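Take a look at the structure set out below.
Rule-based calculations on the coordinates, nothing more; no lab input. Worth saying up front: this structure is predicted, and the values here are computed from it rather than measured. Glycine gets a Cβ as well: all are built from the backbone with ideal geometry, and neighbour counts include every protein chain shown.
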Amino acid sequence: MSDDYPINNDNYPSKKSFFQRFNELFHSEPKNRHDLVELIRDFEQKDVIDPDTKEMLEGVINISDERVRDIMIPRSQIVTLKKNQSLDECLNVIIGSAHSRFPVINEDKDSIEGLLMAKDLLPFMCTDAEPFNIEKILRPVVVVPESKRVDLLLKEFRSQRYHMAIVIDEFGNVSGLVTIEDILELIVGEIEDEYDDEEDNYIQQLSKHTFSIHGLTHINTFNKVFSTSFKDEEVDTIGGLVMQAFGHLPVRGEVIAINGYIFKITIADSRKIIQVQVTVSNKAPIPNILEEYNNESN
């Protein structure tokens, strides 16, 4: 068969080049991990490998030094659902956070009942659906200690096929949350998607006059988008501005008017405001993001 279809090796320079470079990379026989990292950096400088490959190789090598506590999402930033919430209340939290997995708690974040995946709510949204019961769709929650090595956790994520774990401290209290994405970002760098909390995505349009605003949105950014003039002398973020207006840390559902703008708390924890819904009056200037949207549409 090879006689009928002779293979011309000249057609495969890239594959040969790759293996040549791979052999070159380890030709110097590094004695330890430090030597290996230096060798990788040296070959990046000589254009044997590109900068992205260098960063990825270093991430793989250094991952064993990391502990779960180093990469976890802290307790204060965990978005949870409550066991006694209705379907609509759960949907409001899911829409506001744009996450796909949620720890479900009973009384507080130390009493986690299970894990809810947003897609499991879909059967309850049909017209002939059975009554909503969150307990029927809860999944088991995985718990790991803060001190666990990240590389070992990644191996467990892969072998047991789960994507999220609750992190506890030495006293058994919940201290954070970790996902497989958090680990992969140590290796390949930040993984961005349309729901990541970049400054540009902190403000999302829900309807003509209603917007979802992340609590960490800078006041200057809000002013530019909505043509407002809120002061940032005492606080820097919209969450801080709203909390200052309330005079206390508000809970979800509380509403306040500030200079004609209606702010409704959609997500908050025991320390800060995470998400608010802003309603703009008909007399207020059209937000800049709407103007940009209209220009793109035209």
Largest-first semi-axes in Å of the equivalent ellipsoid built from the Cα gyration tensor of region 31-76 are 27, 13, 5
Suppose R0 equals 22 Å; then what is the FRET efficiency for Gln205 and Lys272 from their Cβ-Cβ distance, rounded to the nearest 0.05?
0.40
Return the sequence-ordered ³J(HN,Hα) values of region 178-184 in whole Hz as given by the Karplus equation 6.51 cos²θ - 1.76 cosθ + 1.60 applied to θ = phi - 60°, using x for Gly and Pro.
9, 10, 5, 5, 4, 6, 4
With 0.36 nm assigned to each residue of separation and the Cα-Cα distance removed, Asn220 to Ser100 gains 40.2 nm
Within 10 Å of each candidate Cβ there may be at most 14 other Cβ atoms; applying that plus a DSSP loop requirement, which GluC sites (Glu not before Pro) in region 226-257 survive?
Glu233, Glu234
Filter on Lys82/Lys208; Lys119/Lys208; Lys31/Lys54 - keep pairs with C-alpha separation over 25 Å:
Lys82/Lys208; Lys119/Lys208
